[in-house]
Amino acid sequence: MKHPFMIRVCRMLALLIVQLLILNHLHLFGYATPLVIGYMIICFETSVSQMQLLWWGFIMGFIYDIFSNTMGAGMFSCTLLAMTKPYILHLYMPRDITESFKPTIQTLSLSRYIWYVLSCMGVLHVSFYLLEAFTLSDFWLTLGAMFGGTILASLIAVCIEYIVHNKLQDREQGK
């Protein structure tokens, strides 16, 4: 199963299952839900075309919307993240990169990777919660949900990346 398309489909299904069955029922302070579905979009390498990235974001958000009844907020947010991801990554990646670049803790430093994930998750959560609330009457609750969801989702994404990074290092060392 070394084909990149199948790896992406498996990653998408795993993230959707974890999001829908576990994380949608986790509410920080009673209202902030982390959206880890954006982690898949964050992991794409720079060799993936912008159109492919948009399609993956659209499909991921569409499936999330179907099962969580969010009426397009997930689809819009994931597509917006896919659209802005190359520009956000460009802010944090080293300047001398010419070939395909995959954002990981190893290729970026830990601090740059954390800021990159926070920026991407911020785009996802701000757009999602603004669309979900669709009003500014509960501005402080919406702001708390955006901030809490961003922090918690970023923490989960960095932990996932750290675990994957350690497993890949162990495999390379033959342990």
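Listed by first and then second residue, the pairs linking a residue in the stretch 1-27 that is under 19 Å from S68 (Cβ atoms) to a residue that is open to solvent by 50 Å² or more (accessible area, probe 1.4 Å), with Cβ atoms under 6 Å apart and 6 or more places separating them unless they lie on different chains, are L20/F67. Name, by its number, the condition in (1) outside any helix (DSSP H, G or I); (2) open to solvent by less than 30 Å² (accessible area, probe 1.4 Å) that does not hold for C78. Only one criterion in (1) outside any helix (DSSP H, G or I); (2) open to solvent by less than 30 Å² (accessible area, probe 1.4 Å) is unmet by C78, namely (1). Inspection of the stretch 83-90 finds no residue satisfying the criterion of being in contact with a strand residue (DSSP E or B) (Cβ under 9 Å, 6 or more places away or on another chain) and either surrounded by 17 or more Cβ atoms within 10 Å (Cβ to Cβ) or under 19 Å from L155 (Cβ atoms) (or both). Within the stretch 91-105, restricting attention to residues that are among the polar types (S, T, N, Q) and either in a helix (DSSP H, G or I) or over 19 Å from S119 (Cβ atoms) (or both), the residue that is most open to solvent (accessible area, probe 1.4 Å) is T98. Specify which of the listed residues (F58, F29, F62) is over 17 Å from the mean Cα position of the chain (by Cα), open to solvent by 40 Å² or more (accessible area, probe 1.4 Å) and within 29 Å of G144 (Cα to Cα). Selected residue: F29, the only one of F58, F29, F62 that is over 17 Å from the mean Cα position of the chain (by Cα), open to solvent by 40 Å² or more (accessible area, probe 1.4 Å) and within 29 Å of G144 (Cα to Cα). Say whether the condition of being among the aromatic types (F, W, Y), in contact (Cβ under 8 Å) with a residue 12 or more places away in the chain and in a helix (DSSP H, G or I) is met by at least one residue in the stretch 126-134. Within the stretch 126-134, one or more residues are among the aromatic types (F, W, Y), in contact (Cβ under 8 Å) with a residue 12 or more places away in the chain and in a helix (DSSP H, G or I).
Every residue in the stretch 25-59 that is part of a helix (DSSP H, G or I), closer than 23 Å to I163 by Cβ, modelled with pLDDT of 90 or more and not β-branched (V, I, T), please. Scanning the stretch 25-59 gives G38, Y39, M40, W56.
The residues listed here are V117, V126; of these, the one that is closer than 15 Å to V36 by Cα, open to solvent by less than 50 Å² (accessible area, probe 1.4 Å) and hydrophobic (A, V, I, L, M, F, W, C) is V117.
The values are calculated or read from the model by the stated rules, or taken from the named source; none is laboratory data. Just so it is clear, the model here is predicted, and its values are computed rather than measured. Every residue, glycine among them, receives a Cβ derived from its backbone with ideal geometry; neighbour counts consider all protein chains shown. The area values use the complete protein model at the heavy-atom level, side chains included, leaving out ligands, DNA and RNA. Shrake-Rupley method; radii C 1.70, N 1.55, O 1.52, S 1.80 Å.
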